[in-house]
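Before any comments, here is the structure.
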Amino acid sequence: MIKATSSSEKTPRDSGSKQQKHAMNTAQSTLDSMLKEWRQDAKSLSYEESLQALDLLLTQLQNDSVPVEELQRHYLQGKVYLERCEALLNTVEQSVLQLDASSLKPNSDT
């Protein structure tokens, strides 16, 4: 005879699936907090410092010195440094665009 299980009873498959989801949520939460911390730290870096940090990460990746488990972390950290470089370049570009072409002084129109 087959015993019917109630919806409140957990099967091993359900339990494993819940554990996997919990582990994934925990890992995502950890990555999110790391990203927040990296972005905060990157705010204080100059363009050159951000570029140097990015270059160091790329060198580590090219030398296969990064364990496979840490590849995503290095990728995301590199992305933060790249975003910082782009933000600084955009700021400089905007200030250059606002210069008067003949005097190279800020336009009085802006």
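The values are calculated or read from the model by the stated rules, or taken from the named source; none is laboratory data. Quick caveat: nothing in here was measured; it's all calculated off a predicted structure. All Cβ positions, glycine included, derive from the backbone under ideal geometry; neighbour counts span all protein chains shown.
If I go through region 56-107 residue by residue, how many of them are in contact with an Asp or Glu (Cβ under 8 Å, 6 or more places away or on another chain) and in a loop (DSSP other than H, G, I, E, B)? Please lay out each step first, then the result.
The first filter runs over region 56-107 and keeps only residues in contact with an Asp or Glu (Cβ under 8 Å, 6 or more places away or on another chain), leaving 106-107.
Subset that is in a loop (DSSP other than H, G, I, E, B): 107.
Summing the residues that are in contact with an Asp or Glu (Cβ under 8 Å, 6 or more places away or on another chain) and in a loop (DSSP other than H, G, I, E, B) in region 56-107 gives 1.
Which count do you get for residues in region 4-41 that are charged (D, E, K, R), at pLDDT below 90 and under 28 Å from T91 (Cβ atoms)? So that I can check it myself, show each step before the final result.
Taking region 4-41 first, the residues charged (D, E, K, R) are 9-10, 13-14, 18, 21, 32, 36-37, 39, 41.
If we keep only those that are at pLDDT below 90 as well, we get 9-10, 13-14, 18, 21, 32.
Restricting the remaining residues to those that are under 28 Å from T91 (Cβ atoms) gives 32.
Here the count works out to 1.
Got at least one residue in region 40-47 being over 16 Å from the mean Cα position of the chain (by Cα) and surrounded by 12 or more Cβ atoms within 10 Å (Cβ to Cβ)?
Yes, region 40-47 has at least one match.
Restrict the check to region 42-55 and report whether at least one residue is in a helix (DSSP H, G or I), among the hydroxyl-bearing types (S, T, Y), modelled with pLDDT of 90 or more and within 16 Å of C85 (Cβ to Cβ).
Keep residues of region 42-55 that are in a helix (DSSP H, G or I), which gives 42, 47-55.
Within this subset, residues satisfying the condition of being among the hydroxyl-bearing types (S, T, Y) are 47, 50.
Pick out the ones that are also modelled with pLDDT of 90 or more and you get 47, 50.
Going one step further and asking which of them are within 16 Å of C85 (Cβ to Cβ), we end up with 47, 50.
Yes: region 42-55 contains one or more residues that are in a helix (DSSP H, G or I), among the hydroxyl-bearing types (S, T, Y), modelled with pLDDT of 90 or more and within 16 Å of C85 (Cβ to Cβ).
Need the failing condition index for E69 against (1) surrounded by 10 or more Cβ atoms within 10 Å (Cβ to Cβ); (2) more than 11 Å from the chain's Cα centre (by Cα), just the number.
(1)
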